[in-house]
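K.L.:
Mind looking over this structure? Questions follow.
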Amino acid sequence: MTIKAFTFSGILLMALNFESCQIKNNNHEQDSNDRKDSLTSMNDSLLTKIQSQTFQYFWEGAEPITGLARERIHIDGEYPQNDRNVITIGGSGFGLMSLVVGMERGFISKSEGEERLHRIMDYLTRIPRFQGAWAHWYHGNVGEVKAFSEKDNGGDIVETAFLAQGLLVVREYFNEGTETQREIAKKADNLWRGINWKHYTNGKNVLFWHWSPVHEFGMNHAIEGYDECLISYVLAASSPTHAIDSTVYYQGWARNGKIKSDNKKFDIPTVVKHNSRPGEVGPLFWAQYSFLGLDPRGLSDKYVSYEDAVVNHAKINIAYAEANPKNYVGYGADKAWGWTASYSINGYDAHHPDNDKSVVTPTAALASMPYTPKESIAFAKYLFNNLSDKVWGKYGFYDAFSETNNWYPQRYLAIDQGPIVVMIENYRTGLIWDLFMNAPEVRIGLRKLGFKSPHLK
């Protein structure tokens with residue numbers, strides 16, 4: 001099933017500008033209610049439009065042999081690193097969650113989704129794994145690892161965690177379905193159970209990001225909070241087969257309480273110590289990747305409130321956009337805002353308020369929608385009303401742009417497109433949060449680590 005791409009017709013522009021129209025009615029109360037209903041309907045249509053077209057990155061744009069997410073798609077057809085068919089494991093985890101959204105919203109049929117998921121699960125079973133973990137990248141057409149760097153040619157436990165998050169969502173979505181659906185759920189469960197999280201501690205009280213049969217733990221990258229990696233510890237503690245002890249979380253991720261911070265930026269508490277220079281906050285994907293399935297609402301451990309941490313991270317970005325200290329074009333709370341890792345004018349960069357190159361990345365604001373719905377929806381409307389086809393294409397909003405530098409590349413990245421689909425759905429229905437948090441192992445793991453959450457009551 002292929003969904004026809006939306007274009008910027010006169011009807012769309014009229015709909016998007018509807019908010020500025022005046023509704024005339026003799027009954028003021030009825031007039032107000034009608035207006036609210038119309039605006040709600042307009043916002044629903046807008047969000048469905050964004051989700052459905054962005055979803056196509058993981059459907060029509062998927063690597064054709066595997067059905068998994070391509071690392072990148074360049075509409076211009078230029079791939080300087082010859083990586084057109086490279087698949088991303090983390091981005092494919094986001095893609096699995098997007099497929100669930102696509103089936104639930106009717107972007108594709110259940111039978112179409114089932115066929116794709118069988119193919120994906122079978123492929124993930126066949127390709128090389130490293131103590132159960134997958135590598136960061138694979139050449140999708142041949143099933144071989146593509147090294148991320150010289151020593152990073154084996155297992156990547158963080159990318160694996162992003163994938164496992166998606167596997168559990170698929171399992172929970174299908175585990176009480178038809179025979180075919182239960183078979184998919186079983187395949188997803190087997191893949192999840194095969195991950196040896198404990199191996200990635202290297203016998204210490206911390207998780208290490210990489211392990212390779214050639215270089216072993218040569219990368220020596222200990223995972224400590226706070227950044228995008230919380231989900232790695234939650235899943236490692238939740239594993240029914242290779243679980244870590246709670247001490248690994250407390251000493252590794254939480255740094256024996258040093259993860260907590262009293263720092264403020266724009267007079268907004270950061271809550272957690274970001275893995276950045278003193279006084280800085282990191283890119284916004286830190287507040288998103290772990291929380292596609294892990295519901296931050298009311299989520300806290302004995303050190304910090306993760307709900308406050310992620311919401312405040314987004315609010316700091318909005319405050320920076322309002323301040324606009326470099327006087328870049330288009331910035332504002334009801335205009336363009338949001339900084340994260342993405343394509344940049346010179347290559348790739350981890351943008352944040354203290355590393356602002358005038359480049360705005362749509363996923364930063366759109367995937368913050370559960371945290372800052374008013375400003376995230378205003379951002380989407382600003383793009384449609386002011387930049388239209390400069391920033392919107394076959395698979396939704398392009399990865400990044402700069403109004404200041406008149407820079408509008410027609411390129412996409414899986415890890416940026418996936419959170420848009422998933423987090424808009426979490427804002428609208430909480431679907432992916434509910435599925436993931438319903439997994440019995442996840443609840444056991446969270447309790448084991450001393451977390452509190454409304455899902456644990």
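K.L.:
With the requirement that a residue be touching a residue at least 12 places away in the same chain (Cβ under 8 Å) and outside any helix (DSSP H, G or I), what does the range 150-174 give you?
P.N.:
Lys151, Asp152, Asn153, Gly154, Gly155, Asp156
K.L.:
State which residue pairs qualify: first residue more than 17 Å from His352 (Cα to Cα) and charged (D, E, K, R) and inside the range 256-275, second residue open to solvent by 90 Å² or more (accessible area, probe 1.4 Å) and not in a strand (DSSP E or B) in any location, beta carbons under 7 Å apart, and separation of 6 or more residues or different chains.
P.N.:
Going by the 7 Å Cβ cut-off, there are no qualifying pairs.
K.L.:
Taking the range 433-457 only, how many residues are under 13 Å from Gly293 (Cα atoms) and assigned to a loop (DSSP other than H, G, I, E, B)?
P.N.:
2
K.L.:
Return yes or no: is Leu39 at pLDDT below 95, buried (at least 17 other Cβ atoms within 10 Å of the Cβ) and over 24 Å from the mean Cα position of the chain (by Cα)?
P.N.:
Working: at pLDDT below 95: yes; buried (at least 17 other Cβ atoms within 10 Å of the Cβ): no; over 24 Å from the mean Cα position of the chain (by Cα): yes.
No.
K.L.:
Another question about this same structure. Does the range 358-376 contain at least one residue that is modelled with pLDDT of 95 or more, within 29 Å of Glu159 (Cα to Cα) and part of a strand (DSSP E or B)? Talk me through it step by step, then tell me what you get.
P.N.:
Keep residues of the range 358-376 that are modelled with pLDDT of 95 or more, which gives 358-376.
Those still in the list that are within 29 Å of Glu159 (Cα to Cα) too: 358-373, 376.
Filter once more, so that each one left must be part of a strand (DSSP E or B): 360.
Yes, some residue in the range 358-376 is modelled with pLDDT of 95 or more, within 29 Å of Glu159 (Cα to Cα) and part of a strand (DSSP E or B).
K.L.:
Among the listed residues Gly77, Gly113, which satisfies the condition of being open to solvent by 30 Å² or more (accessible area, probe 1.4 Å) and of a type outside the set (Asp, Glu)?
P.N.:
Numbers: Gly113 fails: open to solvent by 30 Å² or more (accessible area, probe 1.4 Å).
Answer to the selection: Gly77.
K.L.:
While we're looking at this one, here's another question. Which of the numbered conditions does Glu307 fail, given that it passes all the others? Conditions: (1) open to solvent by less than 10 Å² (accessible area, probe 1.4 Å); (2) in contact with a strand residue (DSSP E or B) (Cβ under 8 Å, 6 or more places away or on another chain); (3) not basic (Lys, Arg); (4) not in a loop (DSSP other than H, G, I, E, B).
P.N.:
(1)
Here's the yes/no breakdown for (1) open to solvent by 10 Å² or more (accessible area, probe 1.4 Å); (2) touching a residue at least 40 places away in the same chain (Cβ under 8 Å); (3) of a type in the set (A, V, I, L, M):
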{"position": "Thr66", "(1), (2), (3)": "no, yes, no"}
{"position": "Gln81", "(1), (2), (3)": "yes, no, no"}
{"position": "Gly93", "(1), (2), (3)": "no, yes, no"}
{"position": "Ser98", "(1), (2), (3)": "no, yes, no"}
{"position": "Gly106", "(1), (2), (3)": "yes, no, no"}
{"position": "Met121", "(1), (2), (3)": "no, yes, yes"}
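K.L.:
On to the next question. Looking only at the range 253-280, filter to residues that are of a type outside the set (D, E, K, R), outside any loop (DSSP other than H, G, I, E, B) and within 26 Å of His351 (Cα to Cα); which one of those is most open to solvent (accessible area, probe 1.4 Å)? Explain how you work it out, then say what you get.
P.N.:
Taking the range 253-280 as the starting set, the residues that turn out to be of a type outside the set (D, E, K, R) are 253-254, 256-257, 259, 261, 263, 266, 268-272, 274-276, 278-279.
Filter again for outside any loop (DSSP other than H, G, I, E, B), leaving 253, 256-257, 268-269, 272.
Filter once more, keeping what is within 26 Å of His351 (Cα to Cα): 253, 268-269, 272.
On the way: Trp253: 0, Ile268: 32, Pro269: 56, Val272: 1 Å².
Ranking the candidates gives Pro269 first.
K.L.:
Can you pull out every residue in the range 411-457 that is of a type in the set (Val, Ile, Thr) and touching a strand residue (DSSP E or B) at 6+ places or on another chain (Cβ under 8 Å)?
P.N.:
Ile415, Ile420
K.L.:
Please tell me if Leu16 is open to solvent by less than 40 Å² (accessible area, probe 1.4 Å) and at pLDDT below 50. Give the steps one after another, and end with the answer.
P.N.:
On the way: open to solvent by less than 40 Å² (accessible area, probe 1.4 Å): yes; at pLDDT below 50: yes.
When the stated conditions are applied, Leu16 passes them.
K.L.:
Here is a follow-up. Being in contact with an Asp or Glu (Cβ under 8 Å, 6 or more places away or on another chain) and open to solvent by 40 Å² or more (accessible area, probe 1.4 Å) is the filter here; which residues of the range 370-390 pass it?
P.N.:
Glu375
K.L.:
Might you check whether a residue that is closer than 30 Å to Ala164 by Cα and open to solvent by 50 Å² or more (accessible area, probe 1.4 Å) occurs anywhere in the range 314-325?
P.N.:
Yes, that holds for at least one residue.
K.L.:
Pick from the range 295-304 the residues that are in contact with a helix residue (DSSP H, G or I) (Cβ under 7 Å, 6 or more places away or on another chain) and assigned to a loop (DSSP other than H, G, I, E, B): which of them is farthest from Arg428 (Cα to Cα)? Outline the logic, then answer.
P.N.:
Within the range 295-304, the first condition is being in contact with a helix residue (DSSP H, G or I) (Cβ under 7 Å, 6 or more places away or on another chain), and the residues that meet it are 295-300, 303.
Next, from what is left, pick out any that are assigned to a loop (DSSP other than H, G, I, E, B): 295-299, 303.
On the way: Asp295: 14, Pro296: 15, Arg297: 14, Gly298: 18, Leu299: 19, Tyr303: 29 Å.
The qualifying residue farthest from Arg428 (Cα to Cα) is Tyr303.
K.L.:
Among the residues of the range 130-149, which ones are under 15 Å from Pro213 (Cβ atoms) and crowded, with 19+ Cβ neighbours inside 10 Å? Quick ask: steps written out before the conclusion?
P.N.:
Applying the first criterion (under 15 Å from Pro213 (Cβ atoms)) to the range 130-149 yields 130-135, 144-145, 147.
Result: Phe130, Gly132, Ala133, Trp134, Ala135, Val145.
K.L.:
Can you tell me which residues in the range 150-183 are crowded, with 24+ Cβ neighbours inside 10 Å and more than 28 Å from Tyr249 (Cα to Cα)?
P.N.:
Those that are crowded, with 24+ Cβ neighbours inside 10 Å and more than 28 Å from Tyr249 (Cα to Cα): Tyr173, Phe174.
K.L.:
Quick one: in the range 391-432, of everything that is more than 23 Å from Asp44 (Cα to Cα) and part of a helix (DSSP H, G or I), which residue is least open to solvent (accessible area, probe 1.4 Å)?
P.N.:
Ala414
K.L.:
Another one. Looking only at the range 199-216, decide whether some residue is surrounded by fewer than 16 Cβ atoms within 10 Å (Cβ to Cβ) and outside any loop (DSSP other than H, G, I, E, B).
P.N.:
yes
K.L.:
Among the residues of the range 336-353, which ones are open to solvent by less than 40 Å² (accessible area, probe 1.4 Å) and assigned to a strand (DSSP E or B)?
P.N.:
Within the range 336-353, the first condition is being open to solvent by less than 40 Å² (accessible area, probe 1.4 Å), and the residues that meet it are 336-344, 349, 351-353.
Selection gives Ala336, Ala341, Ser342, Tyr343, Ser344, Asp349, His352.
K.L.:
Being small (Gly, Ala, Ser) and either under 23 Å from Leu191 (Cβ atoms) or assigned to a loop (DSSP other than H, G, I, E, B) (or both) is the filter here, so list the residues in the range 48-96 that pass it. Give the steps one after another, and end with the answer.
P.N.:
Residues of the range 48-96 small (Gly, Ala, Ser): 52, 61-62, 67, 69, 77, 90-93, 95.
Matches in the range 48-96: Gly61, Ala62, Gly67, Ala69, Gly77, Gly90, Gly91, Ser92, Gly93, Gly95.
K.L.:
So which residues in the range 433-447 are within 16 Å of Tyr249 (Cα to Cα) and open to solvent by less than 80 Å² (accessible area, probe 1.4 Å), if there are any at all?
P.N.:
Selection gives Val442, Arg443, Gly445, Leu446.
The values are calculated or read from the model by the stated rules, or taken from the named source; none is laboratory data. Owing to the predicted nature of the structure, the values given are computational and were not obtained by experimental measurement. All Cβ positions, even for glycine, are placed from backbone atoms using ideal geometry, and neighbour counts span all protein chains on display. Heads up: the accessible areas ignore ligands, DNA and RNA and are worked out on the full protein's heavy atoms, side chains in. Shrake-Rupley method; radii C 1.70, N 1.55, O 1.52, S 1.80 Å.
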